[in-house]
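A short write-up of the structure that comes next.
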Amino acid sequence: MNNFCTSAMLFLMLIFGPSILRGQQNHPSSEILSQSQVSATITNSVKRQFGINFPIIRVYKYVDRSGKYFCVLTEKLDSLFTGEEGKYDTLHLAIRAIDLREDSGKLMKVWEINDHAIRDSKIEVVEQSMWFWTKYIEFNDFDGDGVIEPIIVYGTHSDSDLASGRVKCMVIYCRRIQKEPWVQVWDKPHPRGCREYWMEPT
């Protein structure tokens with residue numbers, strides 16, 4: 001009887017073991033890469049290949065049933081200024097996010113986001129800086145289909161104060177970018193899925 005049970009268990013493991021293992025391996029997960037991991041993954045060769053010219057501020061690695069991805073967030077460094085507390089801060093007039101998929105050891109671009117601050121006072125207020133609001137950026141499988149839906153959030157502030165800035169929330173669903181319209185902060189409506197951003201950029 002014991003031999004029969006052992007044989008049955010071995011048979012079931014041979015049949016279902018690989019699928020169980022794949023299921024465990026493909027469980028959606030994400031992490032922020034350390035500086036050494038970023039340097040090893042986004043090499044100078046990769047930067048040249050995909051035109052990554054702005055400084056990298058953060059790289060997210062995420063894995064789901066469709067593969068392994070690296071989302072690279074970059075911000076153009078335009079100038080430095082001294083804040084109210086005497087600390088240096090940076091101003092960025094453009095941002096770029098590029099999502100790369102690893103396939104057989106090679107990286108391929110899946111999607112990208114490019115945007116810039118408004119600098120024409122004839123159109124709207126002059127925006128002093130634009131940056132990613134990393135506190136609200138998420139890489140999760142929200143609908144439970146085994147595929148991660150990234151949420152990318154970034155905003156601006158004007159030449160007057162932060163309250164005159166704008167915020168944009170981008171949801172990548174089925175590898176397509178679903179754009180939430182620009183929201184003017186002074187009107188205080190919140191884009192769907194980004195309820196807690198008010199005056200709390202990071």
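The values are calculated or read from the model by the stated rules, or taken from the named source; none is laboratory data. For clarity, every value in this text was computed on a predicted model and none was experimentally measured. As a convention, Cβ positions derive from the backbone with ideal geometry for all residues, glycine included, and neighbour counts pool all protein chains shown.
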Checklist entry - Is it true that some residue in the range 25-32 is of a type in the set (A, V, I, L, M), part of a helix (DSSP H, G or I) and modelled with pLDDT of 65 or more? => result no
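Of all residues in the range 95-149 being among the small types (G, A, S) and closer than 19 Å to E31 by Cα, which is surrounded by the most Cβ atoms within 10 Å (Cβ to Cβ)?
Checked the range 95-149; the qualifying residue surrounded by the most Cβ atoms within 10 Å (Cβ to Cβ) is A97.
Of everything in the range 64-79 that's part of a strand (DSSP E or B) and acidic (D, E), which residue is farthest from H27 (Cα to Cα)?
Looking at residues that are part of a strand (DSSP E or B) and acidic (D, E), I get E75.
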Checklist outcome for this item: The correct count of residues that are of a type in the set (G, A, S) and assigned to a loop (DSSP other than H, G, I, E, B) in the range 129-159 is 2
Checklist entry - For the range 139-179, how many residues meet the condition of being at pLDDT 85 or above and not acidic (D, E)? => result 20
Item to check | Residues (surrounded by fewer than 15 Cβ atoms within 10 Å (Cβ to Cβ) and farther than 30 Å from G144 by Cα) located in the range 48-70 | outcome: R48, Q49, G51, N53, P55
Item to check | Pick from the range 92-128, criterion β-branched (V, I, T) and assigned to a strand (DSSP E or B), ranking: nearest to the chain's Cα centre (by Cα) | outcome: I98
